[in-house]
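Report on the following structure.
The values are calculated or read from the model by the stated rules, or taken from the named source; none is laboratory data. Remember, predicted model here, so these are calculated numbers, not experimental data. Virtual Cβ from ideal backbone geometry, glycine too; neighbours counted across all protein chains shown. In case anyone asks, the SASA skips ligands and DNA or RNA and just uses the protein heavy atoms, side chains included. Shrake-Rupley method; radii C 1.70, N 1.55, O 1.52, S 1.80 Å.
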Amino acid sequence: MEWSSDLVSNGRVDVQGRIANKRTTGGWKASPFIIVNEVVERLAFFAVGVNMVNYLISVMHQSLPDAASHSSQWAGAAYVFTLLGAFLADAYFGRFRTILIFSSIYALGMVMLTLLASLSNLHPQQHKEATKDQNAFLYGALALIALGTGGIKPCVSSFGADQFDEGDDKEVVHKSAFFNWFFFAINTGALFGITVPVYVQEQVGWSWGFGIPTIFMFCSILILLLGVRYYRFQKPMGSPFTRFLQVMVASFRNHLKGVKLGIDTPLYEVQTPNSDIVGASKLPHTQQYRFLDKASVIVDPEGTNRRNRWEICTVTQVEEFKSFIRVLPVWASTIALALTYSQQSTFFISQANISNRNLSSKFIIPAGSVPVFAAINAVIVVPIYEKLVVPFLRKRTGHPRGLTSLQRMGVGLFISIFAMASAALVEKKRREHYPERNSISVFWLFPQYFMIGCAEVFTYVGQLEFFYDEATDGTRSISSAMFLCEFGIGSWLNSVLVQIIEGATGGENRGWLRNDLNASRLDYFYWIVTAFNALNFIVYVFVAYSYKGKGKPRT
């Protein structure tokens, strides 16, 4: 019995396929490899993201609105592809293999991007438009990077959380700390990704500007492999989308048969310790979304068709689908932060480009590195929050994390309102009083970056915790992909909003958003985003107040 207590209670296995031992696997023995891998991968991602707008303008000869739109669309695709990566991880490959496969795809895209910048026949010459073949090579490289990113992102955070046993109180506390340090890793990678490669690009050229993150991408794969003997692995559980569809089909089928639900209506569940979803615990029945319970109503007392999940589903399978539906309103009401976040790599960069970025007579901050303000803020705030704020709040709220995940997200969404209001006020002041190039210090942009960084510290980590904790055993990668997908939708929403405002206000030559910021009314655009954030916050408060979390697994 003493030996058994060393084994995890959640069914995770070690690299040899045995139930994982807490003394030799997981926890903080495994997590550092995952965190360092995330630092290096994020360095590569942010290096591409911040360089892209400048590359499209200076090398591919695109206009500022077009470059900003294409950058947003690429970022959107990268985050939306997370759904594909999550599906493959949960259903077929497992999280670790999925990370390795898509990291290789990512690295191939980075190699192509480096070749594009290095070989003269792959990019247009000065004052010439790019050919169809050159554009095809560029967008092919970016597509591979987006696909690779999409496969990696939803799996890394969940794979890291898998290293902690939910049945062990000490490891539960450590898991919460892991999410904070994982976000710290993201911003550490961002800090280096938007400074070192950008500086190298401006000093040496695009070849090394993209070459350095390519090298780091290969290093991230190696780092992940180094920790393989310490990892705990979750076996694939089959397609959650198939199970969701089975619940919908079975519930509608029984509804059409006239099946009624009463207080004592018998619902079907397998009579085994675990559910019939491989590796998943049973879930208790809840009263929410009662219509779906019709999928598990026993209409055949003889039980001849109880193995056909298209005709009858278990209570656990129905509750798994309910858990997925339950988080959708929370998911939808946090998209506004992604819209705000997308400004950092588009119009904020444009503002920085015409600001005074001199730190000394010999050093000028690259415009693409200005988002470092937000990254530095997050790198500083996360340790302070984890070591000082959480213990302080824990004593007063009694919650082990200080704030619940929903409260933490709400704080971040509230801060984002003031971040965009600050951006609008600063842009108005710059245009009216300091229109000449380099006449206003880039540090005037610091407040908007600082507040976005604070908003991320609260909302992003809150989302990591919420979507992992509220997911069931078989849907954790999908759940992580759901919240990451927000950033893709936010980027696309930003692209659509830019096009709508550009068209409604007079186009590229006479509208609010022109190549010349002094002739633009970018502050008006920021006020629209501010209003959107404020409205979204009101909706979120209502959704969070109404939210009913999932129940604890049956024992």
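Within segment 386-415, the set of residues being outside any helix (DSSP H, G or I) and either surrounded by 14 or more Cβ atoms within 10 Å (Cβ to Cβ) or free of Cβ contacts under 8 Å to residues at least 60 places away in the same chain (or both) comprises GLY398, HIS399, ARG401, GLY402, LEU403, THR404. Checking each residue in segment 18-65 for being open to solvent by 10 Å² or more (accessible area, probe 1.4 Å), touching a Gly at 6+ places or on another chain (Cβ under 6 Å) and within 22 Å of VAL173 (Cβ to Cβ) picks out only PHE33. Can you report the number of residues in segment 109-167 which are within 30 Å of MET482 (Cβ to Cβ) and assigned to a loop (DSSP other than H, G, I, E, B)? So the answer is 6.
Restricting the first member to segment 542-553 and to residues that are part of a helix (DSSP H, G or I), and the second to residues that are open to solvent by 70 Å² or more (accessible area, probe 1.4 Å) and modelled with pLDDT of 65 or more, the beta-carbon pairs closer than 9 Å and six or more apart or on different chains are ALA544/GLN407. Scanning segment 109-120 for residues that are surrounded by fewer than 16 Cβ atoms within 10 Å (Cβ to Cβ) and touching a residue at least 12 places away in the same chain (Cβ under 8 Å) gives a single hit, SER118. Just one of (1) without any contact (Cβ under 8 Å) to a residue 24 or more places away in the chain; (2) within 23 Å of TRP512 (Cβ to Cβ); (3) open to solvent by 10 Å² or more (accessible area, probe 1.4 Å) fails for LEU7. It is (2).
Being β-branched (Val, Ile, Thr) and in a helix (DSSP H, G or I) is the filter; apply it to segment 328-352 and report the residue that is modelled with the highest pLDDT. So the residue we want is VAL330. Would you check if there is a residue in segment 447-454 being in a helix (DSSP H, G or I), touching a helix residue (DSSP H, G or I) at 6+ places or on another chain (Cβ under 6 Å) and closer than 15 Å to SER405 by Cβ? Taking every residue of segment 447-454 in turn, none turns out to be in a helix (DSSP H, G or I), touching a helix residue (DSSP H, G or I) at 6+ places or on another chain (Cβ under 6 Å) and closer than 15 Å to SER405 by Cβ.
Would you say PHE418 is open to solvent by 20 Å² or more (accessible area, probe 1.4 Å), among the aromatic types (Phe, Trp, Tyr) and closer than 30 Å to LYS175 by Cβ?
Values: open to solvent by 20 Å² or more (accessible area, probe 1.4 Å): yes; among the aromatic types (Phe, Trp, Tyr): yes; closer than 30 Å to LYS175 by Cβ: no.
Taking the combined requirement at face value, the residue does not satisfy it.
Taking (1) farther than 26 Å from GLU486 by Cβ; (2) assigned to a helix (DSSP H, G or I); (3) out of contact with any Phe, Trp or Tyr (no Cβ under 8 Å at 6 or more places or on another chain) in turn, ARG97 satisfies each apart from (1). In summary, LEU464 fulfils each of the numbered conditions (1) touching a residue at least 40 places away in the same chain (Cβ under 8 Å); (2) open to solvent by 40 Å² or more (accessible area, probe 1.4 Å); (3) within 30 Å of GLY160 (Cβ to Cβ) with the single exception of condition (2).
Can you find a residue that is in a loop (DSSP other than H, G, I, E, B), open to solvent by 10 Å² or more (accessible area, probe 1.4 Å) and not basic (Lys, Arg) anywhere in segment 170-182? There is no residue in segment 170-182 that is in a loop (DSSP other than H, G, I, E, B), open to solvent by 10 Å² or more (accessible area, probe 1.4 Å) and not basic (Lys, Arg).
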